[in-house]
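Colleague: I'd like to ask you about the structure that follows.
The values are calculated or read from the model by the stated rules, or taken from the named source; none is laboratory data. As the structure is a prediction and not an experimental result, all values here were calculated from the model. Because the Cβ atoms are built from the backbone with ideal geometry, glycine has one as well, and the counts that use them run over all protein chains shown.
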Amino acid sequence: MRGLNRAMFLSRAMRRNFTTCSGATATLHRVVPHDTVTVRGNNPSVTGFRYFSSSATSLAHDAQTKAFNPKELVLFQYQACPFCNKVAAFLDYYDIPFKVVEVNPINKKEIKWSDYKKVPILTVDGEQMVDSSDIIDKLIKRIHPDYDLHAEEEKKWREWVDNHLVHVLSPNIYRSVPEALESFNYITTQGNFSFSERLVAKYGGAAAMYFVSKKLKKRHNITDERAALYGAAEQWVDALNGRKFLGGLDPNLADLAVFGVLRPIGHLQSGRDMVEHTRIGKWFSEMDGAVGQSCRVSEHS
């Protein structure tokens with residue numbers, strides 16, 4: 001009975017914390033840069049994504065980044081948080097090293113010091129920043145003071161990521177029991193769990209999120225999960241209108257937001273299906289090269 005009660009408690013906690021982070025539905029955070037892309041025509045078949053060398057960035061880009069040179073950045077995150085992935089993709093693109101503190105969604109002890117009880121939280125030399133879009137806005141202004149945050153097209157698609165794209169992810173990631181287990185297998189091996197929590201969270205969390213995903217599907221008027229995901233991918237490709245990136249020859253903040261949210265599902269069935277059945281593969285491959293190698297450094301204790 002005690003074990004059953006513990007499983008129910010952890011499942012409820014996983015349900016609360018993996019469905020929301022700063023108000024958005026959950027996805028996964030990929031940090032192991034060793035898998036590759038198999039290219040088939042214009043659509044890479046994703047088995048994970050290989051991160052290319054940061055030498056792909058321009059000299060101007062490098063000069064701007066060097067102007068912002070903090071001593072320490074620490075990202076407090078959940079392994080399953082799309083907004084955390086947005087911030088990480090931004091830091092990777094701008095070659096800014098950052099440490100990660102994985103927050104235990106059960107007790108959140110790692111962020112008890114903060115009045116803000118959601119993730120991501122980014123500390124920059126001890127200064128706390130919260131809310132992914134606000135974090136990125138503040139960082140880009142320090143890197144590039146003249147950056148126009150009010151450019152209409154870019155702003156529109158950044159908002160689209162938060163208000164639409166993230167909502168089609170959970171119904172896809174947890175569409176079936178095997179897919180939910182696939183997701184939680186990664187979450188629980190990378191997250192901050194004891195051995196017993198890991199076992200309960202994997203199976204209890206996967207079961208909880210399977211049912212939660214059905215409610216999210218209904219809430220957001222999704223009738224076919226994959227069709228919604230494919231539709232969002234195609235909508236983004238249409239927005240590119242033949243351009244390499246929405247930002248032109250170089251990614252802008254909208255490109256980084258879409259890539260950050262979608263990059264982690266590349267090793268999941270939903271991500272593989274998305275690339276196989278839509279035109280997003282070419283852009284994704286270009287973004288993978290532009291963002292470059294992960295700048296995550298050793299764990300912060």
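Colleague: State the number of residues belonging to segment 188-203 that are basic (Lys, Arg) and at pLDDT 70 or above.
Modeller: Count: 1.
Colleague: Just checking, how many residues over segment 235-255 are more than 16 Å from Ala151 (Cβ to Cβ) and more than 20 Å from the chain's Cα centre (by Cα)?
Modeller: At the first step, the residues of segment 235-255 found to be more than 16 Å from Ala151 (Cβ to Cβ) are 235-238, 242, 244.
Right, trim to more than 20 Å from the chain's Cα centre (by Cα) and you get 238, 242, 244.
Number satisfying all stated conditions: 3.
Colleague: Being touching a Pro at 6+ places or on another chain (Cβ under 6 Å) and among the hydrophobic types (A, V, I, L, M, F, W, C) is the filter; apply it to segment 204-247 and report the residue that is modelled with the highest pLDDT.
Modeller: Only one residue fits best here, namely Phe245.
Colleague: While we're on this one: Return only the number of the condition from (1) modelled with pLDDT of 90 or more; (2) farther than 22 Å from Gly292 by Cβ that Phe98 does not satisfy.
Modeller: (2)
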